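To start, the structure under review is shown below, and the notes come after it.
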Amino acid sequence: MIFILAVIIAVAALIVWRNAIKKVRQNYTIYKQVVSGSLAVIVLSIVVALSQMFTQIPAGHVGVVDFFGIVSDRTLPSGINLVNPMAQVIKYSIQTKEHKETMQVLSREGLTIGLEVSALYRLDPDSAAKVYKTISGGDYENIVLIPQFRSIIRVVTASFQASALYSTERERLGASILEELAKMVGPRGVIVESTPIRNVVLPVQLTDAIEQKQRADQESQRMEFVLTKEKQEADRKRIEAKGIADFQNIVAAGISEQLLRWKGVEATEKLAQSPNTKIIIIGSGKDGLPVILDTK
């Protein structure tokens, strides 16, 4: 519309300028003022009209061209683009956005669970024209994405047990929500990148029961460890005792009466040869051992 208005103003200024030329002989001063003003208006109007032939699309956006209800399937990329000056250009962001939902949902066993889930999404650049033509006002977030996101969260969560969401099943829940949401909004031109589970709030009674079970499991594992350690220690002592017994049996088997008598003779001989002053008394019997009396 600005282009049309600029053209009308330029034509009007041109008409005024031509009429002023015819009256140049009557009043030169008025002629000069009218001509100067008309030329300025004409030049300004032409500049404004030409500027409407170009449009600038910001980074991370695309443009949809609407020419009196005829929507081009080719979207305009970011940057400066040459367009029909009489067409309207609607700009859409294709950057990743986040929508967060905090909801109370039911689990498979009917328990109420508090969920905080986010959806990371963006508009498909090639589907911007389709979104503009098929969704009222092009507001795909509030009309398509958010209602479907809320509905899918409730449906998917109802297939999971509440106790499983406490630990192991969170990632699978997020993956299921992502898969179902992508099926619903993908054909409408919305790309869902991920649906992370930010928080899960279970009923207090269930949380206490789960924590007690985990503590019992940990205590059972600890006792099993202690019993295993004690068993290993008993096995070690049994092996050690058997080794000592085997050693004693080997030593006992190698000691004879003749060996002991010979060791006694050797000890007596060494004592007799010692320079220290002493009296050696041989014990009674053939196997008597020496008794040493110091003379000091």
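The values are calculated or read from the model by the stated rules, or taken from the named source; none is laboratory data. Because the structure is a prediction, the values reported are computed rather than measured. Cβ: placed from backbone, ideal geometry, glycine included. Neighbour counts: every protein chain shown.
Which one of Ala158, Ala128 is within 25 Å of Arg172 (Cα to Cα), of a type in the set (A, V, I, L, M) and touching a strand residue (DSSP E or B) at 6+ places or on another chain (Cβ under 8 Å)?
Being within 25 Å of Arg172 (Cα to Cα), of a type in the set (A, V, I, L, M) and touching a strand residue (DSSP E or B) at 6+ places or on another chain (Cβ under 8 Å) holds for just one of Ala158, Ala128, which is Ala158.
All told, Ser176 meets the bar of being among the hydroxyl-bearing types (Ser, Thr, Tyr), in a helix (DSSP H, G or I) and at pLDDT 85 or above. Among residues that are touching a Ser or Thr at 6+ places or on another chain (Cβ under 6 Å), outside the structural domain of Tyr132 (by TED's automatic domain parsing), more than 30 Å from Ile197 (Cβ to Cβ) and modelled with pLDDT of 85 or more, Val16 is not included. Of the set (1) in contact with a Phe, Trp or Tyr (Cβ under 9 Å, 6 or more places away or on another chain); (2) over 19 Å from His61 (Cβ atoms), all apply to Thr96 but (2).
If you go through segment 113-159 and keep only what is small (Gly, Ala, Ser), assigned to a helix (DSSP H, G or I), at pLDDT 90 or above and surrounded by 15 or more Cβ atoms within 10 Å (Cβ to Cβ), you end up with Ser127, Ala128, Ala129.
Could you tell me how many of the residues in segment 91-112 are assigned to a loop (DSSP other than H, G, I, E, B) and within 23 Å of the chain's Cα centre (by Cα)? Outline the logic, then answer.
Initial filter on segment 91-112 (assigned to a loop (DSSP other than H, G, I, E, B)): 94-96, 107-111.
Those still in the list that are within 23 Å of the chain's Cα centre (by Cα) too: 94-96.
Residues that pass the stated criteria total 3.
Just checking, which of Val192, Val185, Val200 is touching a strand residue (DSSP E or B) at 6+ places or on another chain (Cβ under 8 Å), at pLDDT below 90 and either more than 28 Å from Lys133 (Cβ to Cβ) or not acidic (Asp, Glu) (or both)? Before you say what the answer is, go through the steps one by one.
On the way: Val192 fails: at pLDDT below 90; Val185 fails: at pLDDT below 90.
Just one listed residue meets the conditions, Val200.
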